[in-house]
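Below: one structure, written as structure tokens.
The values are calculated or read from the model by the stated rules, or taken from the named source; none is laboratory data. All of these numbers come straight from a predicted model, not from anything done at the bench. We place every Cβ from the backbone using ideal geometry, glycine too, and count neighbours over all the protein chains shown.
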Amino acid sequence: MVLSRKLLPLLTAWLATAWLVLASAPSRAAEFYTEDLRIPMLEAGPQGLEAFLVRPAGTKRYPLALLSHGSPRSFDDRATMSAHKYYGIALEYARRGFAALIVMRRGYGSSPGGRVDSVGGCANAAYLPAAAVAVADLRAAIDAMGRRADVTTSGMIAAGHSAGGLATVALAAQAPPGLIAAISFAGGRGSRDDDDVCNPDGLVQAFATFGKTARVPMLWIYATNDSYFGPDLARRFYEGFRAGGGNAKFVAAPPYGDDGHYLYSVVARPQWTPYVDAFLRERGLSHDMLSPPDSLPPPSQFNDAAKAEFARYLASTMPHKAFTVSSNGGYGWRSGRNTVDDAQRDSLAACMKWSPTCTLYAVDDRLAGGARRTSTAR
């Protein structure tokens, strides 16, 4: 997801919507397993690539849904990105029976790499070399997931937004074994301002090049008020891709909010998930729909004000988070931490400002006791 000043009101609405979803979840709601990962990759050094896995909590092997993020217009904003911020999106794929993996490509979030995927100067922006870097990162993630006992790359799908959409199209052009469908939301690269794209002809040609070898069925979705890649340019992408033989269905979605580039968001789920569901059904990839995580009950000793604060905790959709309570009604919580241990430590510290005796009540979306810890993909 591309970050900009326009994201703040969407994030506020996202959190509000997330609380409504959690509060209305049926009692039979499924549990989901989450795990922080570092994807081994020689080019990324010993640290590897940052990643976050969300899947149903069952014991079988779930087909991979490989999710790719966008690229912010400002290079400095890349460091503020994290896989956790895409938890709400990943949860939608996990609800549909997939093991959803968000992988931060080199140079984004905590994944090392700097400007390795640079397109160069604006006037002559080179999109094919940048896309090749992205594909290498995605293939490293696929290789890591293929070695797990709870994920299968047979029958996997890929989905990406903005620059991640372009990366997904490029991956489909060199389809790894097991990739059977792909989805691009507002796919493209090189937007430096509203309706201002670097070397648009070169970007169209990149899509045409991918179309020469891409035969995996694809779904492309662009809102008609996308300020990054407007409807005329988006149609040029598609026509170039199709001219080379690319297999894609194009959806010109109705305008969304102030900027349709952010259609692919949690708050806009009712607008984009029907397109995805129809596409998956056509491919025979539909699974039983799982419910969102259960809405946890507030601590019994809480008054109305404390219950409202616990509702705020539930509404936070950026793990890792933890909620700590004391017997006298005190509490403390923190969210958006890098690890479960960080969330637990910080929430305990917040609670102990008010009481010397505090205990963990909830971690992420479950009552304390079921926390997941960071591990390395093997």
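When Ala278 is tested against (1) in a helix (DSSP H, G or I); (2) touching a helix residue (DSSP H, G or I) at 6+ places or on another chain (Cβ under 7 Å); (3) within 22 Å of Tyr62 (Cα to Cα), just one condition goes unmet, and that condition is (2). Looking only at segment 304-334, residues that are closer than 26 Å to Phe32 by Cα and in a loop (DSSP other than H, G, I, E, B) come to 6 in all.
Just wondering, is there one or more residues in segment 34-46 that are surrounded by fewer than 20 Cβ atoms within 10 Å (Cβ to Cβ), over 27 Å from Met289 (Cα atoms), basic (Lys, Arg) and modelled with pLDDT of 95 or more?
yes
Here is a yes/no grid of residues against (1) β-branched (Val, Ile, Thr); (2) modelled with pLDDT of 90 or more; (3) closer than 15 Å to Asp137 by Cβ:
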residue	(1), (2), (3)
Trp19	no, no, no
Pro26	no, no, no
Arg55	no, yes, no
Arg61	no, yes, no
Ser68	no, yes, yes
Glu92	no, yes, no
Ala99	no, yes, no
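Look at (1) assigned to a loop (DSSP other than H, G, I, E, B); (2) free of Cβ contacts under 8 Å to residues at least 24 places away in the same chain and you find that Asn225 fails only one, number (2). State all residues of segment 258-275 that are modelled with pLDDT of 95 or more, assigned to a loop (DSSP other than H, G, I, E, B) and not hydroxyl-bearing (Ser, Thr, Tyr); if no residue qualifies, say none. Matches in segment 258-275: Asp258, Asp259, Leu263. Across segment 345-377, the qualifying residues are those that are surrounded by fewer than 20 Cβ atoms within 10 Å (Cβ to Cβ) and touching a helix residue (DSSP H, G or I) at 6+ places or on another chain (Cβ under 8 Å), and the one among them that is modelled with the highest pLDDT is Leu360.
Only residues that are within 13 Å of the chain's Cα centre (by Cα) and of a type in the set (S, T, N, Q) were counted across segment 35-70, and they come to 1.
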